[in-house]
Amino acid sequence: MQRNAVWWPVIAVSAAFAIVGAELDGLRVLHYLFKPLTTLLIAAMAWRTVTTEHGYRRAVLAGLLLSLSGDVFLMLPGDWFAFGLGSFLLAHLCYLRAFRLRGEWFRPIWPVFAYGVIAAAVLAYLWSHLPAELKIPVVVYVVALAGMAAQAACIWRRCPDRAATAAAMGGACFVFSDALLAIDRFALAIPFASVWVLLSYWTAQWCIARSTAS
């Protein structure tokens, strides 16, 4: 508890600077500095968390570091979206691997249907707005994202302890964050999109990192 109390205010301040930098063009340098730093701090927290599940933590750390790569690609000038998408796809596969270590695949089945419906609805809304070259990569990404979140929810449903609850919340927040990001980028401008996307994104990463505690 004491260690957690040390980490969260530092991460929150770093996230706040990154969000301010994303919203204000004159302070863009804050975004470039603090966006990767925030994810790196969350990874450091996971690394320092006391656990008996070292394989689980390694998989989560791999996901966080791949997310860090995705953070950098998505904030670079120019169109690096496909590279960011690939980095986050690999991150979700790492998280999926971690959640698999805590239970069998997709049991019970209802979270898979629930996230499948959400994923299908988001894809249906975005489909006509997506560039042709991104349609298949986005489908692959959404399937991986929904599968990751569904597996986390399945583990929570079978064993609703603190770690499983954190993982399930992280998966849900990731789906929400990525849906907002995609809608804002391809379909409909969302007021203060960076605020909502980054807040939900780092909440997701924080929860998944906290799920390493055991």
Tally up the residues in segment 132-165 that are part of a loop (DSSP other than H, G, I, E, B) and free of Cβ contacts under 8 Å to residues at least 40 places away in the same chain, please. 2
Sort out which residues of segment 149-171 are within 16 Å of Ala46 (Cβ to Cβ) and open to solvent by 70 Å² or more (accessible area, probe 1.4 Å), and write them in order of number. Arg162, Met169
Would you confirm, using the coordinates I've provided, whether Ala119 is within 18 Å of the chain's Cα centre (by Cα), in a helix (DSSP H, G or I) and at pLDDT below 95? no
Just checking, how many residues over segment 43-60 are open to solvent by 20 Å² or more (accessible area, probe 1.4 Å) and in contact (Cβ under 8 Å) with a residue 40 or more places away in the chain? 6
Would you please list the contacts, defined by Cβ atoms under 7 Å and residues six or more apart or on different chains, that run from a residue in segment 167-185 that is in contact (Cβ under 8 Å) with a residue 24 or more places away in the chain to a residue that is among the small types (Gly, Ala, Ser) and surrounded by fewer than 21 Cβ atoms within 10 Å (Cβ to Cβ)? Cys173/Ser200; Phe176/Ser200; Ser177/Ser200
Take segment 15-28 and flag every residue that is modelled with pLDDT of 95 or more and surrounded by fewer than 21 Cβ atoms within 10 Å (Cβ to Cβ). Ala16, Phe17, Val20
Counting only residues that are touching an Asp or Glu at 6+ places or on another chain (Cβ under 9 Å) and buried (at least 17 other Cβ atoms within 10 Å of the Cβ), how many does segment 99-128 have? 2
From the residues in segment 32-54 that are modelled with pLDDT of 90 or more and hydroxyl-bearing (Ser, Thr, Tyr), which one is farthest from Arg97 (Cα to Cα)? Tyr32
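The values are calculated or read from the model by the stated rules, or taken from the named source; none is laboratory data. Because the structure is predicted, anything quoted here is derived from the model rather than measured. Reconstructed Cβ throughout: ideal geometry from the backbone, glycine too, with neighbour counts over all protein chains shown. Note: accessible area is taken over every heavy atom of the protein model, side chains too, but ligands, DNA and RNA are not part of it. Shrake-Rupley method; radii C 1.70, N 1.55, O 1.52, S 1.80 Å.
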